[in-house]
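Data first, discussion second: the structure below is written as C-alpha cells.
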Amino acid sequence: MRNSDADAAVYWLARMLEAGEDPLYIARRVLRFASEDVGMADSRALQICTAAFQACQYIGMPECSVHLTHAVVFCSLAPKSNSLEAAYMAAAEDARNMLDEPVPLQIRNAPTRLMEELGYGRDYMYAHDYEGHITAMQCLPDSLKDKHYYNPSDQGVEKRVKEHKDQIEAWKKAQREREALAKAKKQ
C-alpha cells in the first residue's frame, strides 16, 4: 500500500486471509495505515478503513474480505502523507522531555475562585467571538511558542490544508506584531 501498488496489496491481503490470519488484525493494521501513511492527503481513508474494520467485526470471514480489499485498494491508490505521524512523534519527543513546562495561564480552566484569582483563564480569547473565528492567543508553553509540529505535505487534499495553515500562521504573526506595536506605543 505504501508504494501505491494496489495489485501487490490485494495479493498479500489474500495470502494472509487464505493462510488464516485474523481479519481483525489486518483491519487494525490497515486502519493505522489510513492515518500514518495517507493522513490528511485524503482523510476519507480513515472513514473507509474504520468501516472495513467494523465490517470485519460484524460479519467476519469470508464475507469481510471484500471490505478489506476495498480499504487496501483505496489506501494503495490514495495520495500519501506521513505528516500526522511525524507531527505526533515530534510533539511526543518534546512532551517526554519537557514534562515540567507550565500550561499558559490564559488556556487554564478556572473552576474555583482561587484558580481565578491566580490568573487561570485570564486573557483567554474565545475564537468564535472574533472575526474569522481565530485569535493570536499563545497556546503553547513559552519555550515552544514558535514550534511547528504539523507540517502538511503537498499531496492530495493536504496541499489545500497546507495553504490554509500557512494563511492562519501568517495572520497570527501579523496580528502578534500589531499587538506588540500597540503595546509598545502605550508604554
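Here are a few things to note about the model shown:
- Cys residues of the chain counted as unpaired, since no other Cys beta-carbon is under 4.7 Å: 49, 75, 139
- Extension gain, residue 117 to residue 50: 0.36 nm times the residue separation minus the Cα-Cα distance gives 19.6 nm.
- Between helix 23-33 and the chain: long-axis angle, C-alpha atoms, 0 to 90°, nearest 10: 40 degrees
- Peptide packing for 173-181, 86-94, 40-48 was compared via the average number of neighbouring C-beta atoms within 10 Å per residue; ordered from the highest value, the list is 40-48, 86-94, 173-181.
- This structure gives log10 I(q)/I(0) by the Debye sum over Cα atoms at q = 0.11 Å⁻¹, computed directly, and of (i) -0.49; (ii) -0.57; (iii) -0.70 that value is listed as (iii).
- Residue pairs, from the table 147/186; 80/173; 147/172; 145/173; 145/185, whose Cα atoms sit over 18 Å apart: 147/186; 80/173; 145/185
- Residue among 95, 77, 61 farthest towards the positive dipole end of the chain, charges placed on Cβ: 95
- A Cβ-based charge dipole, computed about the Cα centre of the chain with Lys and Arg at +1 and Asp and Glu at -1, lands at about 620 debye.
- Relative contact order of the range 19-96, pairs being alpha-carbon contacts under 8 Å that are 6 or more residues apart, as %: 39 percent
- Residue among 149, 126, 168 farthest towards the positive dipole end of the range 122-174, charges placed on Cβ: 149
- Estimated [θ] at 222 nm from DSSP helical runs (n ≥ 4, -39500 (n - 2.57)) normalised by residues in the chain, nearest 500: -17500 deg cm²/dmol
- Between 52, 184, 26, the Cα set farthest toward the positive side of the dipole of the chain (charges on each charged residue's Cβ, about the Cα centre) is that of 184.
Throughout, read-outs are computed from the coordinates displayed, never taken from laboratory work. As the structure is a prediction and not an experimental result, all values here were calculated from the model. So basically every Cβ, Gly included, is an ideal-geometry build from the backbone, and we count neighbours across all protein chains shown.
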